[in-house]
Structures are given as structure tokens and as C-alpha cells.
Amino acid sequence: MIITKKAIPRRTVLRGLGATLALPLLDGMVPALSALAKTAAKPVVRFCTVYVPNGIIMDQWTPAAEGTAFEFSRTLKPLEPFRNQLIVLSGLDNHGAIVRTGASGAHAQPAGAFMTGAEPYRTDSSSSLQLGVSMDQIAAKALGRQTPLPSLELGLEGSDIANGSGTCDVGFACAYQNTLSWSSPTTPMPPEQNPRVVFERLFGGLESTDPVVRTARLRRQGSILDSVLDEVDRLQRSVGPHDRVKLGEYVESVREIERRIQNAEALGSRDLPVVESPAGIPVSYEEHAKLMFDLQALAFQTDMTRIITFLVGREQSGNTYPQVGAPETHHSISHHGNDKKKIESLVRINTYHVTLLAHFLDKLRSTADGEGTLLDHVMVLYGSALSEGNRHDIHNLPLLLAGGGGGRLKSGRHIRYPKETRLSNLHVTLLNNLGVPTEHFGDSNGELGELSELPSTSA
């Protein structure tokens, strides 16, 4: 590491024993006496998809009014503090999930089409998958050369059905439901659910994915941060007062996340036969979710990646939510048959997931990034591949966009699109807003110019 009085390279990292600590954007990374360069610099724009399964109770999700005067529905109420950086989207159809081959996969097809705009090929075998490249991976291929990690694929559930996460549609490989990201039509990108593995991808050399090897190394090395503290002290003596404060806050944030992971691992090593979470995954669902969201914020803050997908739950998820009064499995009550008690349980689950999203947005809003915050410079797509889960409805999806997108989004609105407007049109628009010129994606037939300054070309 070389530090000069003039500037710190944006890609400066602090190296320790088996650790590399990437840095957030510091004032010292802007060349000295270069106010013009600082003014002219465009903010880095990041993208994240947060996916929730099994549909939404739509009359508790959709605001009644359109435009800027909309009122928050019961399910969206936790997001009210973020009104000015939120767009609620109504009327978009998961057109890629329309059955064209005669083979119906009520969950596999909507889930597979959500980020690809393509219909999954019917197959039970992982060796004959056929779908499409997902929108996030197109962005990652274009933007990933600028970051250490082209993208991150994360989740809260395992990527196979052996862990009790549910079943898969008959005749369709589980990969269609277990993954959001596809790097090629035949290559799914499985989500990582273990915070320790994610933490080490961001900050430490992962010599082996074998848990025995990792545990031995952690006992030998201890904290990843401890091995770079000398470098942190050296850097703090070389930067200005504002950067010293920013660096201290960042290091403490990393420290706190590492501490939470260590606590989860300590708990996981105890004799808890009822708990099936692997070491490193908190027993508490909420702590697991918040930890994964906080890791995403750190990844954006350090510019380790600009593209993330986060699978809160796979389609047909068997998770239960007794913490919000919904002890039955999520998928089973999504087929509520108009039972009022089941509908109420689903509304509670939907609202709970939105509450977790609010935690993420608050974290982004409280993290400085250049002349603004991470929330100013991110686009978060939140939603589900189904609207009404009871009948597997792929029309009028529950969707929203959060964040300022680096000034590219006109937020604070509820937009209702005409019937048969395609979800893939949103993906085209988002890619263009990310600086990835795109005319066509999946089954798109235009753009959604209402989101930003882009002219609308929707068919």
C-alpha cells in the first residue's frame, strides 16, 4: 500500500495475514486541488434485486392513488420514511412466464422468468437446463470489470431441497426456483446463505470452502480485522480529520458484522439438536436477514461489487414466521382459498419482509458515499414473480424501486402501467440507467420512460 499526500488510489486495500480490507470512498481518493474533477465525477450506481416468494396479498400492497399523492398501504407502511426515494410499480406482467410449450410449472416458470424474461425449459435434470441470461448478469458482465467481484448472489435459504426448503414443480429442475441469477441459459448462479462465507469473500482469502478447514484457520487467525489494524492506524495518520472519522466508522461497522458472525458460529457449535442452521448462520431468521443485508451494504460501500441479487425465499418456500403470528408454512398458506385467517397470516409475512427491506434502506441511507449516500446511488428492485399466490397469478406483479439511482430515477410516486406491460421492459430501462446500453432483453418490447428522463418506447 502506497499513500501520498496528493491522493489515495480508489482501489487501495489494507492487507493483513489472509485478509484484504477494501476501503470506502474517502475524500483523500479525490485528487488534491481538483474541485473540478470532484464536481464533474458521476456517482457510481449500484443495483440490487430483493426477491420474496409465493406472491403478495395485493389489496394490502397496492396504494389506492397514483402519482405523488399516494398513501402507503398496510404492507408498504414500513417504507413510509423512504417516500422520496421510492417508486411503487403496478401493472407489470411476468410475460416471460406465459406457458408456450404446454408444460406448466406454477412456480418454476414465474421464478425462472423473473430476471430473465424467458420461459424455463421443462426438464428434471440439471444437465439439460435451458432458460436465459438474467438481467443482473448482463449488468455484471458490463460493469464487473471495474470491481473485484462482478456480482454477488445471496439468499436466506439453501439452494437444494434437502434442507427442508420445500419441493419443486414436477417436471422442472429445482434450479429454476432456487436461483435468480443465470450467467448463461444453462448456468444458474446458486445463492450463498452463509454470512461467514460472504464475509470472507469480501474481506479474507478463502483457502477452502470445507467448514473444518475454515474453522481451523479462524481459530489460528482469529479476527480478520485484527490482522490489518496496523495498516488502519497507518492510513488514519495519513488522511484528513473527516476521513479519519469515516474510516473509524467503517472499521467499526465491519467489526460489528464480524462479531455477529462469530456469535452465530459460537451458538452453532453448541448442542442444539432442534436447530439445523449451519455454523455461521444465525438461528434467528431476522438476525440472519439483517446480517445479509448489512453485508450487501458493505459490499456496495467498498465498491467490491455493484450488482447483487438476494433471494429472501425460494418459490414454494416452507419457512414459518411464528415471530409475526404466522406459524404455518409460507407456501401452504399462500394457497389460502380465501380463508381470512390465512390471508391475515400472509399479510403479516408480506409486511414483515418489507420491514426487513426498510432495515436495508436505512443502512444505505446512513452510509455516506461521495457527495450523497449509498441510497442516493443505488437502485433496489423489490418484488415477487407472482401477484396472487393462491392462483399463481403472473399479472400485475407487486414491485417497487428504492433508491435514487444516482439521480436517474424520479421517485416518490406510484406508477400504474397499462395492462400487458411487460416486466422485461423494466429490465431494459434499469440496464440503460446503469449505463449498460440495451435495446432488447428477454421478451421486452420497449422501455418504461416514466421512471426517469428516458423517453418511453413501450409498445
Out of 117, 96, sole residue that is in the same structural domain as residue 357 (by TED's automatic domain parsing) and out of contact with any His (no Cβ under 7 Å at 6 or more places or on another chain): 96
Output for the stretch 59-118, where each listed residue is among the polar types (S, T, N, Q) and closer than 23 Å to residue 390 by Cβ: 60, 62, 73, 75, 90, 94, 104, 109
Given the criterion over 20 Å from residue 62 (Cα atoms), crowded, with 18+ Cβ neighbours inside 10 Å and not polar (S, T, N, Q), identify the matching residue among 389, 405. 405
Can you find, within the stretch 64-105, the residue that is nearest to the chain's Cα centre (by Cα) among those that are surrounded by fewer than 18 Cβ atoms within 10 Å (Cβ to Cβ) and under 23 Å from residue 336 (Cβ atoms)? 77
Tally, over the stretch 117-142, of residues that are surrounded by 20 or more Cβ atoms within 10 Å (Cβ to Cβ) and either at pLDDT below 95 or assigned to a loop (DSSP other than H, G, I, E, B) (or both): 10
Long-range neighbours under 6 Å by Cβ, at least six apart or interchain, first residue within 21 Å of residue 81 (Cβ to Cβ) within the stretch 406-421, second surrounded by fewer than 17 Cβ atoms within 10 Å (Cβ to Cβ) and of a type in the set (Lys, Arg): 412/83
Which one of these is at pLDDT 95 or above and either over 17 Å from residue 93 (Cα atoms) or surrounded by fewer than 24 Cβ atoms within 10 Å (Cβ to Cβ) (or both): 426, 434? 434
Return the pairs, sorted by first residue and then second, in which the second residue is among the aromatic types (Phe, Trp, Tyr) and modelled with pLDDT of 75 or more, the first residue lies in the stretch 264-290 and is closer than 17 Å to residue 157 by Cβ and surrounded by fewer than 17 Cβ atoms within 10 Å (Cβ to Cβ), the beta carbons are less than 9 Å apart, and the residues are 6+ apart or on different chains. 286/352
Which one is modelled with the highest pLDDT among residues in the stretch 9-55 that are among the hydrophobic types (A, V, I, L, M, F, W, C) and within 11 Å of residue 370 (Cβ to Cβ)? 44
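The values are calculated or read from the model by the stated rules, or taken from the named source; none is laboratory data. Quick caveat, the model's predicted, so the values are computed rather than measured. Reconstructed Cβ throughout: ideal geometry from the backbone, glycine too, with neighbour counts over all protein chains shown.
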